[in-house]
Amino acid sequence: QVQFVESGGGLVQPGGSLRLSCAASRSIFSIRTMGWYRQAPGKQRELVAAITSGGSTNYADSVKGRFTISRDNAKNTVYLQMNSLKPEDTAVYYCNKVPLPGTWGQGTQVTVSS
């Protein structure tokens with residue numbers, strides 16, 4: 001069972017940027033689609049970005065044009081570049097397989113506030 005460790009979160013002002021990283025415990029080469037999910041307080045976890053092994057990407061409408069997902073199979077790592085951050089992006093961010101996520105990591109907290 002692959003495990004994921006997310007990092008890179010923090011406190012940022014509206015309009016700022018962050019780059020999240022997700023390190024997998026084993027090769028992600030065979031995982032067709034990887035994604036970044038987020039869970040805001042009192043809300044359900046939602047998928048915000050996904051990337052296939054071939055590099056095709058999909059984004060939730062709420063982050064389209066602001067977030068960019070990428071993956072480096074050689075480093076077993078998935079990234080999420082987040083620009084033009086808004087207060088509503090505040091959440092704990094997780095990475096996992098798509099569409100059937102496995103064990104969840106601890107996530108990384110992103111707080112967008114002035």
Tabulated pairs, region 66-89, first under 16 Å from ALA40 (Cβ atoms), second of a type in the set (Phe, Trp, Tyr) and open to solvent by 40 Å² or more (accessible area, probe 1.4 Å), C-beta under 8 angstrom, 6+ apart or interchain: PHE67/TYR59
Residue within region 3-10 that is touching a Gly at 6+ places or on another chain (Cβ under 7 Å) and either open to solvent by less than 50 Å² (accessible area, probe 1.4 Å) or without any contact (Cβ under 8 Å) to a residue 12 or more places away in the chain (or both) present: yes
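Residue by residue, here is whether (1) assigned to a strand (DSSP E or B); (2) within 16 Å of GLN1 (Cα to Cα); (3) aromatic (Phe, Trp, Tyr); (4) in contact with a Leu (Cβ under 8 Å, 6 or more places away or on another chain) holds:
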residue	(1), (2), (3), (4)
ALA74	no, no, no, no
LEU80	yes, no, no, yes
SER84	no, no, no, no
VAL92	yes, no, no, no
ASN96	yes, yes, no, no
THR103	no, yes, no, no
GLN106	no, yes, no, no
GLN109	yes, no, no, no
SER114	no, no, no, no
Hey, ILE28 open to solvent by less than 30 Å² (accessible area, probe 1.4 Å), closer than 15 Å to LYS97 by Cβ, among the aliphatic types (A, V, I, L, M) and assigned to a strand (DSSP E or B) or not: no
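Let's see how each residue does on (1) open to solvent by 60 Å² or more (accessible area, probe 1.4 Å); (2) modelled with pLDDT of 95 or more:
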site: THR57; (1), (2): no, yes
site: THR68; (1), (2): yes, yes
site: THR77; (1), (2): no, yes
site: VAL92; (1), (2): no, yes
site: ASN96; (1), (2): no, yes
site: PRO101; (1), (2): no, no
site: THR111; (1), (2): no, yes
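Going by the conditions given, is ILE51 over 21 Å from SER17 (Cβ atoms), open to solvent by less than 60 Å² (accessible area, probe 1.4 Å) and touching a strand residue (DSSP E or B) at 6+ places or on another chain (Cβ under 7 Å)?
Working: over 21 Å from SER17 (Cβ atoms): no; open to solvent by less than 60 Å² (accessible area, probe 1.4 Å): yes; touching a strand residue (DSSP E or B) at 6+ places or on another chain (Cβ under 7 Å): yes.
So ILE51 does not fit the description; no.
The values are calculated or read from the model by the stated rules, or taken from the named source; none is laboratory data. This one's a predicted model, so the numbers in the text were calculated from it and none came from an experiment. Note that each Cβ is placed from the backbone with ideal geometry, even for glycine, and that neighbours are counted across all protein chains shown. When the accessible area is computed, the model is the full protein with side chains, heavy atoms only, and any ligands, DNA or RNA have been set aside. Shrake-Rupley method; radii C 1.70, N 1.55, O 1.52, S 1.80 Å.
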